[in-house]
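The structure under discussion appears below in the form of structure tokens.
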Amino acid sequence: MFYYSRLFDKNLRNKISLLSLIPLIYILISVIFLGKDLESELFIVLPIFYILDTMMWFYQKINSPSETKITDDPNFWISTGLLLWSCFFIFRVIPRYFLKIKDNPFLELLIEFLFAINCIMYLLFFKALLKYETILKNIKKSDK
């Protein structure tokens, strides 16, 4: 959320902050007053935050057209990586207890796929770093 807060306009930033308070309050009430285990909620809430933030970034980017290609923006690669990882992570985490009992080999396959998805996400992050480097080089050239 902090990464995207600098990228969103003020109106969108306020909406996301408000939406972020709801799960945070739920988690605090669950842990402090009800004494629940925090692990299950965090496994689901964190990827949902990533999905919401990336989708809001895509929404804002599509609604404010620009002269440059979207793939030239490093935030595109970071958002794509986070969205891919979050969707697959939720698909792996939510049915984990059911699959452990009913179809353990499929659960093991999902765990192996998550390793591959992690590698793809880090490659997309690396691509974003390369895009940042290209932007810095272009800025230095224009300053000369």
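What spacing in nm lies between the two simple spin-label points modelled at A116 and Y26, each 7 Å away from Cα in the Cβ direction?
My value for the distance between the label points is 3.2 nm.
With charges only on Cβ, +1 for K and R and -1 for D and E, what is the dipole size of the chain about its Cα centre, in debye, rounded to 20?
440
At 222 nm, what value in deg cm²/dmol follows for the chain if DSSP H runs of at least 4 each add -39500 (n - 2.57) and the sum is divided by all its residues, to the nearest 500?
Only helices count here, giving -28500 deg cm²/dmol.
Computing the accessible area with a 1.4 Å probe over protein heavy atoms, can you report the carbon and sulfur percentage for region 1-143?
Answer for region 1-143: carbon and sulfur cover 71 percent of the accessible area.
Per residue, what accessible area does the chain have, given a 1.4 Å probe and all protein chains present, in Å²?
Result: 70 Å² per residue.
Alpha carbons only, please: Rg and Dmax for the chain, in angstrom.
18.7, 65
Below 8 Å, C-alpha to C-alpha, sequence gap of six or more: please give me the relative contact order for the chain in percent.
24
Could you tell me which of the pairs K15/K69; K69/K141; K61/K127 are separated by over 23 angstrom between their Cα atoms in the structure shown?
Pairs exceeding 23 Å: K15/K69.
With point charges of +1 on the Cβ of Lys and Arg and -1 on the Cβ of Asp and Glu, referenced to the Cα centre of the chain, which listed residue (T134, P105, P95) lies farthest in the positive direction of the dipole?
Toward the positive end, the furthest listed residue is T134.
The values are calculated or read from the model by the stated rules, or taken from the named source; none is laboratory data. Everything numeric in this text was worked out from a predicted model, so none of it was measured. Every residue, glycine as well, gets a Cβ built from its backbone with ideal geometry; the counts of neighbours run over all protein chains shown. The area values use the complete protein model at the heavy-atom level, side chains included, leaving out ligands, DNA and RNA. Shrake-Rupley method; radii C 1.70, N 1.55, O 1.52, S 1.80 Å.
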